[in-house]
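Peer 1: Sending over a structure as structure tokens; questions will come in a sec.
Each value in this text was obtained by applying a stated rule to the coordinates, not by laboratory testing. Owing to the predicted nature of the structure, the values given are computational and were not obtained by experimental measurement. As a convention, Cβ positions derive from the backbone with ideal geometry for all residues, glycine included, and neighbour counts pool all protein chains shown.
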């Protein structure tokens, strides 16, 4: 069966896809199959994305400067804040903007939170930082903020900060993030010298399904609008359980390692990349996922001409 034939029978639509945009000071392509986009090339990229009938993006920032606290993450003139304003100035509301809220790309440790004197993540101190980051994104024009740090209480802290500053309409996409090696390509893009970082104290283990479900319930009680599960490949069983448990939109992130594996297998001639991807993404939709975050969103939309 041809790729076009598979496409016509697919339940996947462009409305199901969210395109990740990694923004840095310079455009970079690497052997991890991830692309860092400079601000000066951003408008052209987004025009191509819109032409593919994709209208949702999530932005990750790669700053030029790093420090121990990751202060560039909440700088009102930071790379994500400037990017959001540029998009609003050029595209108004044609694109839904989601902004990732974390400090791992901005600090010196690569951890998702602020470290204490013993080099452990300080949950409470991190909440304050995450709230400030989220507010700066909302002020810049983001439609939705996406705290991916997995700190306890982060959704409530952000919701209160946004509400107190007049951003009650800004949505929150929370993450249930499992400890996994599948994030490595993104980490290597952000931190060339950090290939392995132990985040098991705040990311949930794969076998602990009860904790995952409790975390999701808590995020919803604290004010989350969308629940996101990552990685996607090993969690379809949980996604099905979550769909039956909650009444909100469910997202899945096809993370950098999953994307890189498909690319590598395709280059080796082991799989048909497009056939495998469309079948895998369709399985997520069947499981109950509403939207999929994928580095391959543009390729999928272009190759299958889904609408």
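Peer 1: Which of these, 102, 112, 268, has the largest mean-square fluctuation under a Gaussian network model of the chain (Cα springs below 10 Å)?
Peer 2: 268
Peer 1: Helix 209-222 versus the longest principal axis of the chain: what angle, 0 to 90°, nearest 10, using Cα atoms?
Peer 2: 60 degrees
Peer 1: Order by neighbour count: 210, 241, fewest other Cβ atoms within 10 Å first, most last.
Peer 2: Working: 210 8, 241 17.
The order, fewest Cβ neighbours first, is 210, 241.
Peer 1: Based on C-alpha coordinates, I'd like the Rg and Dmax of the chain, in Å.
Peer 2: Spelled out, the Cα radius of gyration and Dmax of the chain are 18.3, 59 Å.
Peer 1: Something else: For the peptides 257-263, 71-77, what is the packing order when you average, over each peptide's residues, the other Cβ atoms within 10 Å and list the highest mean first?
Peer 2: Working: 257-263: 19.7, 71-77: 18.0.
Put in order of decreasing packing, that is 257-263, 71-77.
Peer 1: Add -39500 (n - 2.57) for each DSSP H run of 4 or more in the chain, then divide by its residues: what number comes out at 222 nm, to the nearest 500 deg cm²/dmol?
Peer 2: Numbers: 11 runs with 125 residues, N = 307.
Theoretical 222 nm ellipticity from helices: -12500 deg cm²/dmol.
Peer 1: Would you give the gap between the C-alpha center of segment 211-234 and the C-alpha center of segment 75-130, rounded to a whole Å?
Peer 2: After rounding, the separation between the Cα centres reads 20 Å.
Peer 1: If you line up the long axis of helix 154-164 against the longest principal axis of the chain, both from Cα atoms, how many degrees apart are they, to the nearest 10?
Peer 2: Roughly 70 degrees, rounded to the nearest 10.
Peer 1: What is the distance in Å between the Cα centres of segment 244-297 and segment 36-60?
Peer 2: Computed from Cα coordinates, the inter-centre distance equals 20 Å.
Peer 1: Report, in degrees rounded to the nearest 10, the 0 to 90 angle that the Cα long axis of helix 236-245 makes with the longest principal axis of the chain.
Peer 2: 70 degrees
Peer 1: Name the most mobile residue of 245, 151, 37, meaning the one with the largest mean-square fluctuation, in a Gaussian network model of the chain with Cα contacts below 10 Å.
Peer 2: 245
Peer 1: Counting other beta carbons within 10 Å of each Cβ, put 270, 42 in order, fewest first. Mind dumping the intermediate values first?
Peer 2: On the way: 270 10, 42 19.
Exposure proxy ranking, most exposed first: 270, 42.
Peer 1: With contacts defined as alpha carbon pairs under 8 Å and 6 or more residues apart, what's the relative contact order of segment 3-304 in percent? Kindly include the intermediate steps, with their values, before the conclusion.
Peer 2: Details: 545 pairs, mean separation 58.7, N = 302.
The value is 19 percent.
Peer 1: Based on other C-beta atoms within 10 Å, arrange 93, 215 from fewest to most. Spell out each step's value before the answer.
Peer 2: On the way: 93 10, 215 20.
In increasing order of surrounding Cβ atoms, one gets 93, 215.
Peer 1: Looking only at 43, 23, 255, which one moves most when the chain is put into a Gaussian network model with springs between Cα atoms under 10 Å?
Peer 2: Largest GNM mean-square fluctuation: 43.
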